[in-house]
Each structure stands twice: as structure tokens, then as C-alpha cells.
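Here's the structure we're looking at; comments come further down.
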Amino acid sequence: MGWLSLAIETRCDLAESLADALMDAGALSASIEDADAGTGAETPQFGEPGSVTTPGWERSRVIALLASDANAAAILDEAAAAIGLAEIPAWTTDLVEEQDWVRLTQAQFEPIRVSERLWIVPSWHEAPDPEAIVLVLDPGMAFGTGSHPTTRLCLEWLEREVRPGDSLLDYGCGSGILAIAAARLGATSVSGIDIDPQALIAARDNAEANHVTATFIEAAEPLTTPAGYDIVVANILANPLRALAPALVGHVRPGGHLALSGILSEQADELIACYAPWISLDVADTRDGWVCLAGRRAD
């Protein structure tokens, strides 16, 4: 038992509609990738919703997964006709053998060393350093496994700044990794906010797995520390960070700290200017084209 992988090279402007049409024609899944990936012509793309006017790559490849006995040519013909393609693009097929996908997926996620004393360890691994502060975290539906540069930047900043007894708010908590890390580092009143119900479920499960006390709530619910937090951290994206500036600063108590990430290096100056009326932010650290901004609210 296995599957059939159908690969079609096409123009950027046709890739998304072709992928949708393949799904309608019977494909089990469809994805789009750079046809030049792994070559000198590979084109990395960074940004956030609305920041890329022509999403995709100049030469895109649509990958569709089909049942092993599917007629790939017929499915492609039907999809091409549905979107008005007069000529069928070049395509190839490969057999995908059935495998232990759980084990293969787990093999992709090794323990991550954040610092000298902080590790992120999937539940199926032993902690490499028994003396370390270990965050038990499995990849799932919510953002924040510790592998992304923005998450690493925030974790490193938290390790430097969290003091025993601090209160902390993780705004846009995702998996809850930052709130959980703060609790493991000594914060005693820890809250997380997200608009995604699935993220809140994941965050609560992760807090339980790490034996920490943290409150995770939807954005519309009242905060547990309305007077303000010692630390507020938000690892989201530049556009929502701009819109949320007054609210985020308002959650920081006088003398407290604010840290922001999910910001590309070229967006840093604009975000610093955006927050300047309330708090002076500086670049705390950079990694792989991303920055973490941090500052202290005046007493």
C-alpha cells in the first residue's frame, strides 16, 4: 500500500488555482513549492499576510498526493480543464511507499539547546542534560516549537530578564512555550492570550506536561492581573504589533519590561518609532534576519 505523488511545474500565477483544482479532481492533498529549490535560483520568501503582492515563485511546482491506483493523467486533465488551461504542463509521478509516518515525523524533532541551562525536549526524547531547565514540548497545531528564530530570540531574552516572583503576560501565546519557560525560570503569575481556541488547548496541555501553573485565555476575556505585568512578551508579526501597540504597553506595569518579536530586521526602526510615544525600545538581539525588540516602561 502506498500513494502516488504527482508533480507539475507551472507559473506562479497558476499554481494556487491548479492546486485547488487538483483537490477538486480527487487529489488527497496538494502543496506548492519553489521549482528551483536547492539550486542557485532558489528564492526564499519572508513576510506576513498582505505583505507579498504576488505570492509564490516564478517557477512553481505543485505536488499532489493521489491514491496508488489513481489515473494521474485523467486527474490532471480534469484540473487543467477546470481552470481553463489550454496546454497541460510538464508533469511526473513517483510512488510513495507506506512508512511509519509517526516515527519519521518524530525523527525530525530533536532536543533543542536554547542556552547553557535551557533545553526544549519532545516528550519521546530523554533530556540530554539532567541538570538543565527542560521544556517538554511536542510539535502540534500551535506555533512555538522553539525551532523558529523568533521563538529562540524570545526564550533567550526571557532567560536573561525573568526574576523569581515576576508576573508575565504572553500575548499571542500559541503553544504557550514562552509563558511556560517564564514559569520554569521563576515567574509566579503567568498568563497567555490567543485568539485561536486550538492554541489555547495546546498551551494548557503543554503547561500540564511541564507541571507549571499558567492561565491561558481568549483575547476577549479579562486578564488575571489587570494592573499590569512585570513582563509582557509578544511574538507575533509586525502588522498586529503595530495595531496592538497601545494595548500591549498598557499591560506593562510602570517599571516593567516589554519584548516584541516576529519582526524582520528591516521592520525594526518602524516598530521602534511606533512604540516611542509610550516606551523606548531597542534591538535586544538578532537571528537569521529577525529581531527581538525590548524596553522598560518608565516608572
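The values are calculated or read from the model by the stated rules, or taken from the named source; none is laboratory data. Quick caveat, the model's predicted, so the values are computed rather than measured. All Cβ positions, even for glycine, are placed from backbone atoms using ideal geometry, and neighbour counts span all protein chains on display. To get the accessible areas, we keep the full protein, side chains included, count just its heavy atoms, and leave off ligands, DNA and RNA. Shrake-Rupley method; radii C 1.70, N 1.55, O 1.52, S 1.80 Å.
Within segment 82-110, being outside any strand (DSSP E or B), open to solvent by less than 100 Å² (accessible area, probe 1.4 Å) and at pLDDT 80 or above holds for Ala82, Ile83, Gly84, Leu85, Ile88, Pro89, Ala90. Against the conditions (1) closer than 20 Å to Ala234 by Cα; (2) open to solvent by less than 10 Å² (accessible area, probe 1.4 Å); (3) not aromatic (Phe, Trp, Tyr), Val121 satisfies every one except (1). Taken over segment 118-173, the criterion of being of a type in the set (Phe, Trp, Tyr) and not in a loop (DSSP other than H, G, I, E, B) is satisfied by Trp119, Trp157, Tyr171. Entry remark, segment 246-283: residues being surrounded by fewer than 20 Cβ atoms within 10 Å (Cβ to Cβ) and of a type in the set (Gly, Ala, Ser) number 7 in total. Looking only at residues of segment 230-245 that are in contact with a helix residue (DSSP H, G or I) (Cβ under 8 Å, 6 or more places away or on another chain) and farther than 22 Å from Glu156 by Cα, we find that the one that is surrounded by the most Cβ atoms within 10 Å (Cβ to Cβ) is Ala245.
Each row is one residue, and each column tells you yes or no for (1) at pLDDT below 90; (2) surrounded by 13 or more Cβ atoms within 10 Å (Cβ to Cβ); (3) hydrophobic (A, V, I, L, M, F, W, C); (4) over 18 Å from Pro89 (Cβ atoms).
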{"residue": "Glu16", "(1), (2), (3), (4)": "no, yes, no, no"}
{"residue": "Asp20", "(1), (2), (3), (4)": "no, yes, no, no"}
{"residue": "Ala30", "(1), (2), (3), (4)": "no, yes, yes, no"}
{"residue": "Gly38", "(1), (2), (3), (4)": "yes, no, no, yes"}
{"residue": "Ala41", "(1), (2), (3), (4)": "yes, no, yes, yes"}
{"residue": "Gln45", "(1), (2), (3), (4)": "yes, no, no, yes"}
{"residue": "Leu66", "(1), (2), (3), (4)": "no, yes, yes, no"}
{"residue": "Ala72", "(1), (2), (3), (4)": "no, yes, yes, no"}
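Quick check: anything in segment 171-181 touching a His at 6+ places or on another chain (Cβ under 9 Å), at pLDDT 95 or above and closer than 21 Å to Ser261 by Cβ? Yes, segment 171-181 contains at least one residue that is touching a His at 6+ places or on another chain (Cβ under 9 Å), at pLDDT 95 or above and closer than 21 Å to Ser261 by Cβ. Leu200: within 19 Å of the chain's Cα centre (by Cα), over 19 Å from Ala284 (Cβ atoms) and either modelled with pLDDT under 95 or of a type in the set (A, V, I, L, M) (or both), yes or no? In short, yes. Looking across segment 3-42, the residues that are of a type in the set (Ser, Thr, Tyr), over 16 Å from Ala82 (Cα atoms) and touching a residue at least 12 places away in the same chain (Cβ under 8 Å) come down to Ser5, Ser29, Ser31.
Picking from residues in segment 284-299 that are closer than 23 Å to Ala227 by Cα and basic (Lys, Arg), the one that is least open to solvent (accessible area, probe 1.4 Å) is Arg297.
Checked against the criteria, Leu4 counts as touching a helix residue (DSSP H, G or I) at 6+ places or on another chain (Cβ under 8 Å), of a type in the set (A, V, I, L, M) and at pLDDT 85 or above.
Just one of the numbered conditions (1) crowded, with 23+ Cβ neighbours inside 10 Å; (2) part of a loop (DSSP other than H, G, I, E, B) is not true of Ala182: (2).
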